[in-house]
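Asks: Would you mind keeping the following structure in view while I ask a few things?
Every read-out reported here was derived from the displayed coordinates using simple, explicitly stated rules and does not represent laboratory data. Being a predicted model, the structure only gives us computed values, none of them experimental. With ideal geometry, Cβ positions are generated from the backbone for all residues, glycine too; neighbour counts draw on all protein chains shown.
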Amino acid sequence: MIRTIANVIRGEGLASAVRRGAERIADGMRLRRLDDRGATIRNVCGTPVAARFGGVQAQLLTRLIEEQKLRPVSLTRGDVIHLEGYSNTSLHPAVISVHDFSFLEGNRELLQRARILIFPSRFLLEHYRQALALPDAEIIEPGCIGDDARGGERTAYAYAGSVKRHKGGHLLPEIIRRTGGTWHIFGGGDLELLLPLRRLANVHVHGYYTNGSLSSLLRRHRVRRVVLPSIVPESFSLALSECWRGGAAVAAFDHGAIAERIRTHGGGWLAPLEHGAEGLAAILRESPDTPIPSQVQTASDAARQYIAMYTRLALLR
């Protein structure tokens with residue numbers, strides 16, 4: 001444990017480690033408050049759940065808080081009504097939210113017993129449709145929180161997200177070298193990938209950022225363009241939404257939901273995966289400015305869509 005904490009501090013910095021710990025404590029307290037006040041985690045997520053940290057939990061907690069403002073009543077049954085993500089439960093949930101590819105690796109039958117499936121993107125929905133015969137399905141994009149932070153003069157570049165290999169973290173030194181300019185790294189990650197970045201004179205490693213703060217950070221540090229170089233297909237990417245809300249365009253590889261969303265809404269550029277770091281650096285450095293989407297789904301927007309779905313299925317009382 002001591003070694004792990006030391007590595008986090010070495011890689012992300014002390015302030016980052018403090019932010020990470022404080023948010024985990026706050027998330028656990030919010031889960032308990034939601035359960036105590038009747039927006040029951042048991043009904044919405046499944047059987048009693050431990051806190052899940054990371055993007056899915058951030059989306060879930062944010063949406064539940066907004067739902068509670070709109071819906072002070074309970075769902076109709078005391079067993080599993082809405083299952084968030086993969087589970088080996090033997091119960092029969094009416095609604096299942098599919099956030100990733102994990103259901104394809106097990107418990108496919110659970111999906112087919114549900115009344116409706118909720119997907120974050122058309123990319124993920126179509127991926128499942130190619131593998132399974134699905135019940136009714138609906139797309140509800142996760143919503144972000146935080147300020148709409150567009151505007152202002154921008155000159156810098158940034159990376160946002162966990163600095164890990166599957167997120168393309170190993171490509172960052174080469175992307176930065178080929179692009180030049182001032183860079184900001186927002187997010188924690190692996191020590192062996194963060195340390196080389198901390199040694200670069202034109203790079204500022206800010207470390208872990210709290211849920212909902214990215215858009216304001218991008219404006220504060222005058223970030224004009226962000227790279228999201230994931231080498232595996234993303235099922236949605238809340239970071240993309242937060243970049244748009246923060247007034248920054250995004251460069252990414254041409255696969256997964258990020259590519260689908262950029263092709264649909266604009267707000268960025270795509271490079272073939274095989275072009276690697278050189279391809280992303282080229283579009284960051286050379287592409288003309290592109291309009292940022294004016295409408296980005298918020299947590300309140302997502303909560304209203306879920307309430308409408310619960311009402312349509314007669315799951316509210």
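Asks: Percent of Cα-Cα pairs per 10 Å bin, from 0 to the last occupied bin, for the range 222-317, please list those.
Replies: Pair shares across the bins are 16, 42, 24, 12, 6, 1.
Asks: Take the range 72-198, compute every pairwise Cα distance, and split them into 10 Å bins from 0; I just need the percent in each bin.
Replies: For the range 72-198, the pair-distance distribution reads 10, 28, 23, 23, 14, 2.
Asks: Further question: So what J values fall out for the range 270-281 if you push phi through Karplus, 6.51 cos²θ - 1.76 cosθ + 1.60 with θ = phi - 60°, rounded to Hz, Gly and Pro as x?
Replies: Result, ordered by residue: 10, 10, x, 4, 5, 7, x, 4, 4, x, 5, 4 Hz.
Asks: Once you keep just the Cα pairs under 8 angstrom separated by 6 or more residues, what percentage relative contact order results for the range 156-286? If you can, show how the numbers build up before the last one.
Replies: Working: 251 pairs, mean separation 34.4, N = 131.
Over the range 156-286, the number comes to 26 percent.
Asks: Could I ask something else about it? Please report the net charge: other residues with Cβ closer than 15 Å to the Cβ of Ala137, K and R +1, D and E -1.
Replies: +2
Asks: While we're looking at this one, here's another question. What per residue convex hull volume, in Å³, do the alpha-carbon atoms of the range 278-317 yield?
Replies: Numbers: hull volume 4.7 nm³, N = 40.
Spelled out: Cα convex hull of the range 278-317, divided by residues, is 118 Å³.
Asks: So, how do all the Cα-to-Cα distances of the range 156-286 break down into 5 Å bins, in percent, from 0 on up?
Replies: So the P(r) values, bin by bin, are 2, 12, 24, 26, 23, 11, 2, 0.
Asks: Can you pull out the GluC sites (Glu not before Pro) in the range 175-278 that DSSP calls coil and that have at most 13 other Cβ atoms within 10 Å? Provide the component values of the computation, followed by the final result.
Replies: Working: sites: Glu192, Glu234, Glu242, Glu260, Glu274, Glu278; in loops: Glu234.
Answer in residue order: no site qualifies.
Asks: For the range 95-210, what is the relative contact order in percent, using Cα pairs closer than 8 Å and at least 6 residues apart in sequence? All intermediate terms of the calculation are to be shown ahead of the outcome.
Replies: On the way: 141 pairs, mean separation 20.7, N = 116.
Over the range 95-210, the number comes to 18 percent.
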